[in-house]
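Notes follow once the structure below has been shown.
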Amino acid sequence: MAQLTLLGARCVAAVTGLKLLLAPAYRSTDFEVHRNWLAVASQTPIQRWYEEDTSEWTLDYPPTFAWFEWLLAQAARAVDPAMLKVEANHSPSPATVLFQRISVIASDAVLIFGLLFATRKCGVKHQLVALLLVLLNPGLLLVDHIHFQYNGMLLGLLVWSLALMAEGQDLAGAIVFTVLVTMKHLFACLGPLYAVYLLRHYCRGDRAVSKFMLLAASVSAVVAASFGPFIVHGQLKQVLWRLFPFGRGLLHAFWAPNFWALYAALDQFLRALLPRLGLVLPHAASSITGGLVGSSSFSVLPNITPAMTLISVFLGMTPCLIQTWRQPAPGAFPFAAVHACLTSFLLGFHVHEKAILMATVPLGWLAASSYMTFEDAYVPSENADRDLHTAAVGAGPVRRQLLRSASEMQDETSAGRGSGKDHESTTSASAGLSRKAEAWHQSATVDTGTSRGEASQLMEYCVLSTAGHYALLPLIFTLQEYPIKVLLLLVSTIGIGALTGDDDAQQQAGRRQASKTVAIAKLYLLGFAVVEGYCAVLHFLIFGEQLPFVPLMLRSVYSAMGVTAVWIRWTTRFFHQSSSKTKHV
Amino acid sequence: MAEARYLGNLFTYKTCVALLTLSAVLIRCIVGLHSYSGAQNPPTFGDYEAQRHWMETTLHTPMLEWYQETPDNPLSYWGLDYPPLSAYQSWLCGKVLDFFEPEAVALKSSRGYETQSSKVLMRWTVLAFDLLVYFPAMLACVAVFGARRPPEQRLWLLAATLLQPALLLIDHGHFQYNCISLGLAAGAAAAIAANWVHVGAVLYCLSLNHKHMAAYFAPAFFAHLLGRCLQQPTFSCKVRAVVSLGLMVVGTFVMLWSPWLGSWAAARQVLTRLIPLSRGIFEDYVANFWCVSNVIFKWKLRLSQQVLAKACLVTTLAAILPGLVAQIRRPSKQGLLLAMAQSSLSFFLFSYQVHEKSILFPLLPISLLAADFPLLAAWFPASPMFLAAAQAATGARAIPRGHRLVLGVPSTGIGAK
């Protein structure tokens, strides 16, 4: 079992130092939101938590998060009692700023714990790559440590829960997930997947009913602990009203890079095109680019209602849900979860661009599995065979190849073992395995060089991370932070791109040309430099202050293309997987 | 055969260099988020205001008056006291600021001018000079001095110089342009080590003319170059080598000083601005010999300034001598760096009127020697970091203490590789 290596520990320490240095950076109104919640949670009785509206920044996260704020407030009192005043216009003292910044950095311990837990059985390099990919996630640094939010902690819970599920500890995974949802209800989009999987994987066998009861009781207990006090005080309706404010538009002021951004861009295009062809616009003149939240409608294409987005999210998740229903494999669960997050980001209603972190953070951990070694993959357990087969769902070619050979070797050894219960023969078999592992290593390196039909998992991650996080850059609009946000993204894209090790493998196999997919992906990534160059400089030189929505639209549409492409690849892979499985069975 | 990989066995050498360089820029930007020296601290503010004021002066007054007391340029308020290249650089930065935010460098009315946008512009000018001068110089140094070393050590060398915590803090936190003179001096060392002695001599003269503190390296460069000239086979070759180097040096100086060489008085005025002998042997707290021994023997009370100045001269020369002699007799690549370290450290410890920021000059060659003496290069920067932390405690400084220590940590990691 791999411990946290010295290099890993240094990586954690360096990132923590970086976060500390960011303390005086720009902070959004979210900083005051959380400051106000601290005040509300500490100064008012529970029944007023979701009613208090002295400040416009009212509590709109579920109760467990409010409990977390209450806990923080206990420490805040010692730092600066003035921080805990419930007031509309608060100007934070330097101590308050530092306290809040440090509270985010400290709560990131959950993320670090989640990652270490998830990679504790992995090789040294695998763990290091996972730590690098997740802790240096540029989106997370921008949103948490400049913009100001507590996503690191929440995503740490998600990674922990997914890792528990992947190890077959369903009940624990479900409980952690419930805690997560009662902290931020955005994660409820994973609910259907968890439900399907738990029903099919956990609640089965002889004691299916009692297991189901146990699961239901545990989840209810968490929800009751979180919401209970509010229900007792008759506040449930008020809480729900704050959590689900209706009457917002399909798109946020800045379009999140999802499918609807492409839809809206098409609408804009048609709106400009149709009058020139002599056609009349179907809808009355209206603008979606006005920048007002809530009042947006399309001029050519049909308007999209919340119900329609809900249906499309479900449709988008279907292949993955069906696959999970047919083959509820622990190893495949985290991949399915990332797909579900990506789906709701892509097709959801009034999605905020920050929600991409839900997919990119766990995917950073999963993408590191390209650095999985043979020993990692070979986990002898009762149902290892099934796990290995099904874990290949959603995994990249390297990993799939690896899993395939691992399961083949397992077949061989179990055949050699005969009864398979003799300890001595197991040890001799494992000695044979290690020899085979070496041979596998060699064949795998050749394989990655020759079978470049698909880009590796890391290349997909590189595209998704760059595209998704690029759309976060407009969140931080101050001049001073401009080079910081661009460099954060640039460093991470170059780093991930280099990790794919494409050039190396190509050279090794004596190939000059990269495969088509990789070439397109690289071209697309280079395109970001062009887009940013235009949006940041060229547009203002040409148009000055005119057409201010064009750079924003261009940024989000270009990002949306990448996010959508990655989603399509994943979805087709699930389709492919389920169809091939039916043939198999 | 697969390409060798570094940094946790993950990246190729080229990627490592790219990532390291970009991260070094990123850290500079992040340090720049913090406040600068003398922020919102009237009436004289701090070094940030000094630099801004120089831009204002050089932009709006004729060259001949830059170092002179005039109604437009009262020398009592941050009068220019750096050599001509600094003045030219101030003028260039002033032009840039004037283009984007003229109020920031308006004559007289801009005193104590502090806006977020002008701060960002000022920060970016430092960053630009860092990228134009210091970064290329360090890449050149690593290429020259690390030529025969394994790539892993070259990477550490690059990290040790690009992430030098004291430089990060003083240039991008406190606010100064040390990266220029340090970069030029390092470039000079690299050029000389690569046998481009004349280029090296010019670069060193430029460095000396940006910040006269670069004179700390003068004995080393002088001894090394003289030693090289003496290695020529014949006497006439030796003389020719010395004369050609001398001509390069004089030529560079004449070009830089030309505006003030018209009259003896003008040149003298510049010189007196550069070398103020009226100040004491040391100020406040400097971790040098005089300051430390002052605890036991009160130098300032017992001895006159003249005697002290002589004592400084004698001790400094004595401390420099060994390296000097060694380089004249047997000049070498590594010896040049060692002599630079030795002479600058001698100046820092024993010379007259030392400022604690001068530690940057000994730090440069010591960082470049990181591959030879990893432990020294790792721990030596830590001591000025403590000094800086102590200064933060005396107030009037920008970056919180904890943050200075955060920056100090990566450097100590180098020794423990």
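The values are calculated or read from the model by the stated rules, or taken from the named source; none is laboratory data. Every value quoted in this text rests on a predicted model; they were computed, and no experiment measured them. Because the Cβ atoms are built from the backbone with ideal geometry, glycine has one as well, and the counts that use them run over all protein chains shown.
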Considering segment B:1-19, residues that are of a type in the set (S, T, Y) and not in a helix (DSSP H, G or I), and then whichever is nearest to the other protein chains (Cβ to nearest Cβ), we arrive at B:T12
All-but-one check, A:A76 against (1) modelled with pLDDT under 90; (2) farther than 23 Å from A:A221 by Cα; (3) aliphatic (A, V, I, L, M), failing number (1)
For segment B:104-121, pairs from a residue that is more than 14 Å from chain A (Cβ to nearest Cβ) to a residue that is loosely packed, with under 15 Cβ neighbours inside 10 Å, with Cβ under 6 Å and 6 or more apart or across chains, are B:G112/B:P42
Reported set for segment A:551-581 where residues are over 20 Å from the mean Cα position of the chain (by Cα) and free of Cβ contacts under 8 Å to residues at least 12 places away in the same chain is A:H576, A:S579, A:S580
Restricted to segment B:122-156 and to residues being of a type in the set (D, E, K, R), away from chain A (no Cβ under 11 Å) and touching a Gly at 6+ places or on another chain (Cβ under 9 Å), the residue surrounded by the fewest Cβ atoms within 10 Å (Cβ to Cβ) is B:R154
Checking B:L206, B:L226 in turn, the sole residue that is more than 24 Å from B:C16 (Cα to Cα), at pLDDT 95 or above and in a helix (DSSP H, G or I) turns out to be B:L206
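Report, by residue number, each residue of segment B:343-356 that is more than 17 Å from B:L184 (Cα to Cα) and surrounded by 23 or more Cβ atoms within 10 Å (Cβ to Cβ). I'd like the intermediate steps shown before the answer.
From segment B:343-356, those more than 17 Å from B:L184 (Cα to Cα) are B:343, B:345-356; that's our starting set.
Answer for segment B:343-356, where residues must be more than 17 Å from B:L184 (Cα to Cα) and surrounded by 23 or more Cβ atoms within 10 Å (Cβ to Cβ): B:S343, B:S346, B:F347, B:F348, B:S351, B:V354.
Among the candidates A:L128, A:L157, A:L133, A:L116, single out the residue that is modelled with pLDDT of 95 or more and within 21 Å of A:G8 (Cα to Cα).
Numbers: A:L128 fails: modelled with pLDDT of 95 or more; A:L133 fails: modelled with pLDDT of 95 or more; A:L116 fails: modelled with pLDDT of 95 or more.
Criteria check complete, one pass: A:L157.
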Counting only residues in segment A:488-501 that are in a helix (DSSP H, G or I) and either within 9 Å of chain B (Cβ to nearest Cβ) or at pLDDT below 85 (or both), the one surrounded by the fewest Cβ atoms within 10 Å (Cβ to Cβ) is identified as A:I494
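Listed residues A:G173, A:G139, A:G168, A:G156; which is more than 15 Å from A:L20 (Cβ to Cβ), touching a helix residue (DSSP H, G or I) at 6+ places or on another chain (Cβ under 8 Å) and without any contact (Cβ under 8 Å) to a residue 40 or more places away in the chain? Lay out the reasoning, then the answer.
Values: A:G139 fails: without any contact (Cβ under 8 Å) to a residue 40 or more places away in the chain; A:G168 fails: without any contact (Cβ under 8 Å) to a residue 40 or more places away in the chain; A:G156 fails: without any contact (Cβ under 8 Å) to a residue 40 or more places away in the chain.
When all the criteria are applied, what remains is A:G173.
Can you confirm whether segment A:98-106 contains a residue that is outside any helix (DSSP H, G or I), assigned by TED's automatic domain parsing to the domain that holds A:W160, surrounded by fewer than 16 Cβ atoms within 10 Å (Cβ to Cβ) and not basic (K, R)?
Filtering segment A:98-106 for residues outside any helix (DSSP H, G or I) gives none.
Looking through segment A:98-106, none of the residues is outside any helix (DSSP H, G or I), assigned by TED's automatic domain parsing to the domain that holds A:W160, surrounded by fewer than 16 Cβ atoms within 10 Å (Cβ to Cβ) and not basic (K, R).
Here is a check on your reading of the model: is B:R111 over 20 Å from B:T57 (Cα atoms) and not aliphatic (A, V, I, L, M)?
Numbers: over 20 Å from B:T57 (Cα atoms): no; not aliphatic (A, V, I, L, M): yes.
When the stated conditions are applied, B:R111 does not pass them.
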Within segment B:292-332, the residues that are within 12 Å of B:G227 (Cβ to Cβ) and touching a residue at least 12 places away in the same chain (Cβ under 8 Å) are B:G323, B:L324, B:V325, B:A326, B:Q327, B:I328, B:R329, B:R330, B:P331
Inside segment A:1-26, the number of residues satisfying the requirement of being touching a His at 6+ places or on another chain (Cβ under 7 Å) and in contact (Cβ under 8 Å) with a residue 24 or more places away in the chain is 4
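I'd like to check which helices (runs of 4 or more DSSP H) are fully inside segment B:298-417 and have at least 2 residues that are modelled with pLDDT of 85 or more and over 18 Å from the mean Cα position of the chain (by Cα).
Working: elements: B:299-302, B:305-329, B:333-350, B:360-368, B:374-379, B:382-393, B:401-415.
Once the helices (runs of 4 or more DSSP H) in segment B:298-417 are filtered for at least 2 residues that are modelled with pLDDT of 85 or more and over 18 Å from the mean Cα position of the chain (by Cα), what remains is B:305-329, B:333-350.
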Would you check if B:L22 is within 28 Å of A:T500 (Cα to Cα) and either away from every other protein chain (no Cβ under 12 Å) or modelled with pLDDT under 85 (or both)? no
### Task
Scan segment B:360-378 and give yes if some residue there is buried (at least 21 other Cβ atoms within 10 Å of the Cβ) and acidic (D, E), otherwise no.
no
**Request:** Within segment B:105-116, identify whether any single residue is within 15 Å of the chain's Cα centre (by Cα) and part of a helix (DSSP H, G or I), and answer yes or no.
**Result:** no
Does B:Y36 meet the test of being of a type in the set (S, T, Y), assigned to a loop (DSSP other than H, G, I, E, B) and either within 14 Å of another protein chain (Cβ to nearest Cβ) or in contact with a Ser or Thr (Cβ under 7 Å, 6 or more places away or on another chain) (or both)? yes
How many residues of segment A:2-49 are more than 26 Å from the chain's Cα centre (by Cα) and either surrounded by fewer than 17 Cβ atoms within 10 Å (Cβ to Cβ) or within 14 Å of another protein chain (Cβ to nearest Cβ) (or both)? The answer is 8
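In segment A:473-487, what residues are at the interface with chain B (Cβ under 7 Å from one of its Cβ atoms) and in contact (Cβ under 8 Å) with a residue 24 or more places away in the chain? Show your work before the answer.
Pass one, segment A:473-487, residues at the interface with chain B (Cβ under 7 Å from one of its Cβ atoms): A:479-480, A:483-484, A:487.
Once the filter is applied, which keeps residues that are at the interface with chain B (Cβ under 7 Å from one of its Cβ atoms) and in contact (Cβ under 8 Å) with a residue 24 or more places away in the chain, segment A:473-487 yields A:Q480, A:I484.
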